[in-house]
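Report on one structure; see the data block that follows.
Every number here is computed from the coordinates shown, using simple stated rules; none is lab data. Computed from a predicted model, the values in this text were never measured in an experiment. Positions of Cβ are backbone-derived with ideal geometry, glycine not excepted, and every protein chain shown enters the neighbour counts.
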Amino acid sequence: MTTIPTHQTAACIDTPGPGAHLVLRNDIPVPSPVAGEVLIKLEFTGFCHSDLHNIDGDLHMTTNVPGHEGVGRVVQVGQDVSSDMLGKRVGVKWLQKSCMKCPTCKVQYTNCLNQDNSGRNVPGTFQQYVVSPADFVSLIPEDLEPEAVAPLLCAGLTMYGALSKLDKFCEKGDWVVIMGAGGGLGHLGIQIGKEMGYRMIGVDSAAKKDIVLSSGATAFFDFTDENLISNIHTLTDTIGAHAILVVVGSETAYEQSIHLLRPLGTLICIGFPRPDFHIPITPQFCVDRGLRVLGSVVGTETEMQALLQLARAGKVSTHYQVFEFQEINAVADRMRGYAVEGRAVMRIPSE
Ligand SMILES: [Zn+2]
Ligand SMILES: [Zn+2]
């Protein structure tokens, strides 16, 4: 077992705000796992757009270490944790912990109001060592590349969790539209939805057409196409799709999505436009058409493990680029300009 240093390197954000820079520090104490926790030495972390929202001050964070797509190995266990966990490769996700006691947790613990989130209120994965409750880390199969797994921990799981909510309302062969289908979440959503048996329609900018179609979409539409709505209706029995997932934080995407839903259709909200934006839908429109509007955040551990099995079977693969940890501010700037192809994954220095 490697010796655990007393201090470590982390990318810290001191004052969030538009265009804020992360500071690489090497004087951050390595935490010790308390009862029920494990200490993980991270190998890679994904860089999610919601980290960027945290850094840029759009979302409120109370820790100065962002990051919530971490992959590494357990190097120390706290009291009450089996030593079998030592050396295991695990994933650290956005949902660091739920209370598991409240009425919400009994139904869907991902929506617990008493949850901790990596990189929001507890230190995230932009560092070499992180502690996490052992019950909330995801065991990662050894035959998967850790850098390819990182984006599945938030982007992939978010799509798997959202698409799984359609089980109750949709059947195989139904039409499912993803607004923002060519991004980090969207291209995984197209692959996962196709595996679940849906016919996937991807909407994004023209530059994303190839990644959307190569991910397995039946059709691609440019969101700037003035005939977008009528073209999608033509493809979907002239009445619209069974479900629409909006993964981008775009007001236009939400406005378009209402007109793309067929009667009895389901809209799933995932991406955040500005906080005071309201979905433009009247109660009467909702009543006449029997529409459902749902929100979805991340996914359960059962869903995470099902997704990892899809990855092992080669059915889901992430489009990603690996960057060195020292490049983190340049990567943030490229993400601000949407100039990273697929997901950015940071390699964490081993020493
Ligand atoms: Zn995320
Ligand atoms: Zn709870």
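Observations
- Under 12 Å from residue 41, Cα to Cα: aspartates and glutamates that are on another chain or at least 8 residues apart: 351
- Mean ellipticity per residue at 222 nm, deg cm²/dmol - from DSSP H runs of n ≥ 4 across the chain, formula -39500 (n - 2.57): -7000 deg cm²/dmol
- Applying 1/(1 + (r/R0)^6) with R0 = 25 Å to the Cβ-Cβ distance of residue 317 and residue 252 gives a FRET efficiency near 0.25.
- Karplus-derived HN-Hα couplings along the stretch 64-70 (A = 6.51, B = -1.76, C = 1.60, θ = phi - 60°), whole Hz, x at Gly and Pro: 9, 10, x, x, 8, 9, x
- Amide H contacts of residue 7 (H built 1.01 Å from N, in plane; Pro and chain starts excluded): 30 sit under 5 Å, all sequence-distant by 5 or more or on other chains.
- Radius of gyration and Dmax over the Cα atoms of the stretch 157-295, both given in Å: 13.4, 39
- Cα centroid separation - the stretch 261-300 against the stretch 112-183, whole Å: 21
- Taking 10 °C and 1.306 mPa s as conditions, the stretch 221-307 diffuses translationally at an estimated 113 µm²/s according to Stokes-Einstein applied to its Kirkwood radius (Cα pairs).
- Both radii were evaluated on the Cα set of the stretch 6-78; the Rg over Rh quotient, with Rh as the Kirkwood radius, amounts to 1.00.
- Going from the residue with the fewest nearby Cβ atoms within 10 Å to the one with the most, 100, 85, 179 rank 100, 85, 179.
- The slack between residue 309 and residue 144, meaning 0.36 nm per residue of separation minus the straight C-alpha distance, is 58.4 nm.
- Here, the stretch 267-342 has an Rg and a Dmax of 18.7, 55 Å when only alpha carbons are counted.
- FRET E, pair residue 62, residue 107, Förster distance 25 Å, beta-carbon r, rounded to 0.05: 0.40
- For the set 93/172; 168/209; 106/165, the pairs lying more than 19 angstrom apart at their alpha carbons are 93/172; 168/209.
- Rounded to the nearest Hz, the phi-derived 3J(HN,Hα) couplings of the stretch 318-327 under the Karplus curve 6.51 cos²θ - 1.76 cosθ + 1.60 (θ = phi - 60°) are 8, 8, 8, 10, 8, 10, 6, 4, 5, 8, where x marks glycine and proline.
- Label-to-label distance, nm, for residues given as residue 168 and residue 225 (7 Å Cα→Cβ offset): 3.3
- One way to sum up the overall shape of the chain is the equivalent ellipsoid from its Cα gyration tensor, whose semi-axes run 35, 21, 19 Å, largest first.
- Going from the residue with the fewest nearby Cβ atoms within 10 Å to the one with the most, 50, 83 rank 83, 50.
- Residues within the reach of a label modelled at residue 210 (point 7 angstrom out along Cα to beta-carbon, backbone nitrogen below 16 Å), restricted to the stretch 308-351, are 319-321, 339-343.
- Shown for 270, 55, 279, 178: other C-beta atoms within 10 Å of each C-beta, ranked fewest to most, produce the order 279, 270, 55, 178.
- Hits among lysines - C-alpha to C-alpha of residue 208 under 22 Å, sequence gap 8 or more where chains match: 194, 315
- In this structure, residue 327 and residue 238 have a Cβ-Cβ separation that, at R0 = 51 Å, corresponds to a calculated FRET efficiency of about 0.55.
- Put simply, the amide H of residue 59, placed in the peptide plane, has neighbours under 5 Å in 54, leaving out anything fewer than 5 places away on its chain.
- Placed amide H near residue 296: partners under 5 Å, 5+ positions off or other chain: 269
- Positive contributions from Lys and Arg (+1) and negative ones from Asp and Glu (-1), summed over other residues with Cβ under 15 Å from the Cβ of residue 16, come out at -2.
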